[in-house]
Amino acid sequence: MIVSLHAGSAMTAAFLASLVEAVEALTIVLAVAVVRGWRPAGLGAIAGLVVLAVIVVALGPLLDRVPLHWLQLAIGILLLLFGMRWLRKAILRAAGLIPLHDEAAAFASETAELREQARRDAQRLDWLAGLASFKAVLLEGLEVVFIVIAVSAGRGVLIPVSAAALAACLLVALIGLLVHRPLARVPENMLKFAVGVMLSAFGLFWTGEGFGVAWPGADLAILAFIALFLGTGLAAVALLSCREAAAAS
């Protein structure tokens, strides 16, 4: 039961996080395809995937050589910082203090930038366009890999968590190829809020494990941490929204 609970929560976190990262990468790849065609967009994306695969294959075996408690501590701290960054931005966006992330606007901005570069230097644009696609896939992919490793380390659930992340990326890629437009209707801020909560919960759990803390209920403590971060996040949204409304009035 505890193992399945950890696997389920880890798979959910990996799937949602990968969904967000894949949508952001797809937006840039589609912008490149619209301006310069699918050749530079596809070649850049494929090159990014190849480099990402090489990094995973090269660094993956090194994880087995790191003592488990050091791995738990390092991953826990990084995951906590990573999750809190997502959660902070999601709270500020939900409270209306910063604008919501708009994939359609990001797509338009990326497209306009590429077209401006085309007017300045048409010969170099294919290289620049391919590089933009390459960077998007590589950087967003690295974040997915980090999340997969972080939420599955030391628990024997790497394969199902990896499968969940891969399923999210394939789903976004398939939809993107079919509709040929950014997935603007994806509730990205809501997903980032949920992922921020879950990653922060995992981060706190792993940090404690790295310091040798015996959490009550073992992996069940993750549920308590999720509730803690969720409640704190919702309370922060309500408080900031009230302050914003009071300031506006």
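Quick look at the numbers
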{"read-out": "Ordering of 44-55, 206-217 by burial proxy (mean other Cβ atoms within 10 Å per residue, highest first)", "value": "44-55, 206-217"}
{"read-out": "Contour minus Cα-Cα distance for Leu92 and Arg39 (0.36 nm per residue)", "value": "15.2 nm"}
{"read-out": "Spin-label model distance (nm) - Ala227 vs Met84, 7 Å beyond Cα toward Cβ", "value": "2.3"}
{"read-out": "Neighbour-count order for Ser241, Ser133, Ser9, fewest beta carbons within 10 angstrom listed first", "value": "Ser241, Ser9, Ser133"}
{"read-out": "Least to most buried among Met198, Met190, Met11 (fewest other Cβ within 10 Å first)", "value": "Met190, Met11, Met198"}
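Taken together, the values in this text are just the output of simple stated rules run on the coordinates, not laboratory data. Being a predicted model, the structure only gives us computed values, none of them experimental. As a convention, Cβ positions derive from the backbone with ideal geometry for all residues, glycine included, and neighbour counts pool all protein chains shown.
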